[in-house]
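Read the structure below first, then the notes.
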Amino acid sequence: MIVVMNHNSSAASVKQVVEFVENAGLKTQVSRGEERTVIGLIGDKTKIDRSVLESLQDVAEIIDVSKPYKRAAREMHPDDTVITLDNGLKIGGKHEPVVMAGPCTVENWEMLIEIAKAVKAAGAKVLRGGAWKPRTSPYAFQGLGEEGLKLLAKARAETGLPVVSELMDTKEIPLFLEYVDIIQIGARNMQNFSLLKELGKIDKPILLKRGLAATIEEWLMSAEYILAGGNTKVLLCERGIRTMEKYTRNTLDLSAVPVIKKMSHLPIIIDPSHAVGHWDYVPSMSKAAIVAGADGLIIEVHSNPEKAACDGGQCLKPKLFGDLMKDVKDLMKYR
Ligand code: PEP
Ligand code: MN
């Protein structure tokens, strides 16, 4: 249930509604937009006397929210959420789409800093790199762990690029708080609810990837776990879903962009690399995502993909990434 307040409603009227609702044992989420202020009610709404609520000062309308996700719902928060990183970079809303780029996994310092400088020169604003890797095979390279995070932090110090890396286990949260700017939750952990609950307790942006075969509603419910804990900095990331199609690694659900924009206020980032799984399909899907209105891209780049420890076949070489970044800039006018 949401309470829509009159235009120019006073702070006192908003306070009165919040107190009325909280006294009945529910929680509230106040969203002051440019157009209007809405107050979201979370909890057992049968405890609310609707006629009293309607009669309070400046209450314009009461709307029932039927969706199972509340805090992630656009109705509860009409304005787009904009997430600000520690260096001031803003993601979401009317801000220019942010491109995150880098290797699938951090392999060593020389390779990381070479790629970091190249993606920065091309216009990327965030450096990606895995340190803990969710590999299908236990015998495949599992990542450098803490050493990988330290190398990412060193690359940030050298280039000024904030860094994003995947967290797989709650026990590593303190390390991620120290070394990264955005915590990625991979597709395989989208429904790791105990992990999501812990992320709700911290104040760090979370890039929540869509599960391998998750519906948009399941994905938003996972975001809800983080938001419900109090962490409002959630970025959604579409990275392809599993279908019967075999020519691509996954199927990029680009329609998730307008759907998410309608259903939610959270920014949406597209990962074309894991979606298609082949470097030569990445540029076209990146461009399509920009025109569709995505708030950003996360792209795998490697200077020597043939020798990459992980996902070499889908990495762009720096030159091609640079060309793509020029096209991305040209396409901004179609947004
Ligand atoms: C990754 O970003 O390297 C990764 C493993 O992604 P996903 O969880 O989307 O497969
Ligand atoms: Mn990868």
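Along the charge dipole of the chain, Cβ charges K/R +1 and D/E -1, which of Pro205, Trp132, Gln314 sits furthest on the positive end?
Gln314
Taking H as built 1.01 Å from N, whose amide H comes closer than 5 Å to the amide H of Gly130, not counting residues under 5 places away?
Residues meeting the amide H criterion: Thr105, Val106.
Quick one: Karplus J couplings for region 144-156, per residue in order, coefficients 6.51, -1.76, 1.60, θ = phi - 60°, nearest Hz, x for Gly and Pro?
Values, residue by residue: 7, x, 3, 4, x, 5, 5, 5, 4, 5, 5, 5, 5 Hz.
Can you list the cysteines of the chain that have no other Cys Cβ under 4.7 Å away?
Cys237, Cys315
How big is the charge dipole of the chain about its Cα centre, in debye rounded to the nearest 20, if each Lys and Arg gets +1 on its Cβ and each Asp and Glu gets -1 on its Cβ?
Here the chain has a charge dipole of around 380 debye.
Please list, in chain and number order, the residues 5+ apart from Ile299 or on another chain whose amide H is under 5 Å from its amide H, with Hs placed from the backbone.
Residues meeting the amide H criterion: Met100, Ala101, Gly102.
In sequence order, what are the phi-derived ³J(HN,Hα) couplings for region 319-335 according to the Karplus relation 6.51 cos²θ - 1.76 cosθ + 1.60 with θ = phi - 60°, rounded to whole Hz, with x for glycine and proline?
For region 319-335, the Karplus-derived couplings read 5, 5, 4, x, 4, 4, 4, 5, 4, 4, 4, 5, 7, 3, 5, 8, 7 Hz, x marking Gly and Pro.
Given an 8 Å cut-off on Cα distances and at least 6 residues of separation, report the relative contact order of the chain as a percent. Walk me through the numbers before you get to the answer.
On the way: 701 pairs, mean separation 51.3, N = 335.
Computed over the chain, the figure is 15 percent.
Could you order peptides 70-76, 283-289 by the average number of other Cβ atoms within 10 Å of their residues, highest first?
On the way: 70-76: 22.3, 283-289: 20.0.
Result, highest mean first: 70-76, 283-289.
In nm, what is the difference between 0.36 nm times the number of residues separating Ala121 and Glu218 and their Cα-Cα distance? Show your work: numbers first, answer last.
Values: separation 97, 0.36 × 97 = 34.92 nm, distance 3.75 nm.
31.2 nm is the gain from fully extending Ala121 to Glu218.
Would you grab the residues whose amide H sits under 5 Å from the one on Thr37? Only those 5+ places off in sequence or on another chain, please, with H modelled 1.01 Å from N.
Met5
What is the spin-label model distance, in nm, from Lys197 to Asp330 if the labels are put 7 Å beyond Cα along the C-beta direction?
5.1
Work out, step by step, the length gained on full extension between Ser10 and Glu114: first 0.36 nm times the residue separation, then minus their alpha carbon distance; give nm to one decimal. Mind dumping the intermediate values first?
Values: separation 104, 0.36 × 104 = 37.44 nm, distance 5.43 nm.
Taking 0.36 nm per residue and subtracting the Cα distance, the gain is 32.0 nm.
Could you check the spin-label model distance between Asp280 and Glu178? Points 7 Å from the Cα along Cα→Cβ, value in nm.
According to this spin-label approximation, the distance is 4.5 nm.
I need the calculated FRET efficiency for the pair Asn87 and Gln57, taking r as the beta carbon distance and R₀ as 35 Å, to the nearest 0.05.
Numbers: r = 42 Å, r/R0 = 1.21.
Result of the calculation: an efficiency of 0.25.
Order by neighbour count: Phe321, Phe141, Phe176, fewest other Cβ atoms within 10 Å first, most last. Spell out each step's value before the answer.
On the way: Phe321 28, Phe141 15, Phe176 21.
Ordered by Cβ neighbours within 10 Å, fewest first: Phe141, Phe176, Phe321.
Pull out the extension gain between Lys47 and Glu158, defined as 0.36 nm times the separation in residues minus the alpha carbon to alpha carbon distance; nm, one decimal.
Working: separation 111, 0.36 × 111 = 39.96 nm, distance 5.55 nm.
This chain segment gains 34.4 nm when fully extended.
Could you please rank Leu196, Leu252, placing first whichever residue has the fewest other Cβ atoms within 10 Å of its Cβ?
The order, fewest Cβ neighbours first, is Leu252, Leu196.
Can you tell me the Rg and the Dmax, both Å, for the Cα atoms in the chain?
Radius of gyration, then largest Cα-Cα span, for the chain: 21.0, 68 Å.
If you scale each eigenvalue of the Cα gyration tensor by 5 and take the root, what three semi-axes come out for region 2-63, rounded to whole angstrom and sorted largest first? Walk me through the numbers before you get to the answer.
Details: eigenvalues 62, 27, 20 Å².
Values for region 2-63, descending: 18, 12, 10 Å.
Using the 10 angstrom Cβ neighbour count as an exposure proxy, how do Met332, Met221 rank, fewest first?
Values: Met332 11, Met221 19.
Lowest count first: Met332, Met221.
No value in this document is a laboratory result; all are computed from the given coordinates. What you see is a predicted model; the values in this text were computed from it and never measured. With ideal geometry, Cβ positions are generated from the backbone for all residues, glycine too; neighbour counts draw on all protein chains shown.
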